[in-house]
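Have a look at the structure below, then the notes.
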Amino acid sequence: MSAGNFDGLRSAVVDASEAGSWMEARKEWEIIGAEESVALKGVCRCGQARLRMLFTIGNRLNGREIAPVGSSCINNFLRSDLNDEVEILSRISKLRLAILDGTPTQLDGKYFSRVLVKHFEAVGVITTKEHQFLLDIFNKSASGKGALSVKQQSYLDSLTIGKIGPYVLHHPKLT
Ligand SMILES: [Zn+2]
């Protein structure tokens, strides 16, 4: 993997920001779009190649956009909210491809994480009760206590088909 050079991207971000310093400028940006390259053909503006996920970032104050940006460069903004969103959008994209392929989804680290399940609750896709149920069986599954029971799998399937799927398939930030 060719390493990127973040300095150039950092300058581009500051130039497109209202603030004049990187430490302030980095707070003006949000993720407004994401795209997955299953063939790893993504190239970040910093030069890093063979990327799976590429993001478009937008400035909240002036509407300027910068793309494509890889997840490593977004991590360099040192903002936990952006890092969470990188994880959420990457997982939603993966889950969307699995649903489109007809691959059965499992409640393990392959498709789900605590951050993602919490996000589904935060945006109202699932209820607090459903969130808790998913967390319970996610914790059980993550601790290596084997596969889901038939009942758990059918509950997960019903949530995936009825609630999570429609949200994931029509996510406004995914291209
Ligand atoms: Zn980069």
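Assorted remarks:
- Subset of the stretch 50-70 (residues that are surrounded by fewer than 17 Cβ atoms within 10 Å (Cβ to Cβ), among the hydrophobic types (A, V, I, L, M, F, W, C) and within 12 Å of the ligand (Cβ to nearest atom)): A67
- Residues in the stretch 160-173 that are at pLDDT 90 or above and part of a helix (DSSP H, G or I): G162, K163, I164, G165, P166, Y167, V168, L169.
- Extreme residue, farthest from E87 (Cα to Cα), among residues of the stretch 105-141 that are in contact with a helix residue (DSSP H, G or I) (Cβ under 8 Å, 6 or more places away or on another chain) and exposed (fewer than 12 other Cβ atoms within 10 Å of the Cβ): T128
- Those helices (runs of 4 or more DSSP H) of the stretch 74-146 in which 1 or more residues are among the aromatic types (F, W, Y), out of contact with any strand residue (DSSP E or B) (no Cβ under 9 Å at 6 or more places or on another chain) and in contact (Cβ under 8 Å) with a residue 40 or more places away in the chain occupy 114-122.
- When C73 is tested against (1) closer than 15 Å to H171 by Cβ; (2) buried (at least 21 other Cβ atoms within 10 Å of the Cβ); (3) within 16 Å of the ligand (Cβ to nearest atom), just one condition goes unmet, and that condition is (1).
- Check on I88, touching a Leu at 6+ places or on another chain (Cβ under 6 Å), within 24 Å of S37 (Cβ to Cβ) and outside the structural domain of V13 (by TED's automatic domain parsing): yes
- Residue satisfying all of: in the stretch 13-49; within 16 Å of the ligand (Cβ to nearest atom) and loosely packed, with under 14 Cβ neighbours inside 10 Å; farthest from S90 (Cα to Cα) among these: K41
The values are calculated or read from the model by the stated rules, or taken from the named source; none is laboratory data. These numbers come from a predicted model, not from an experiment. All Cβ positions, even for glycine, are placed from backbone atoms using ideal geometry, and neighbour counts span all protein chains on display.
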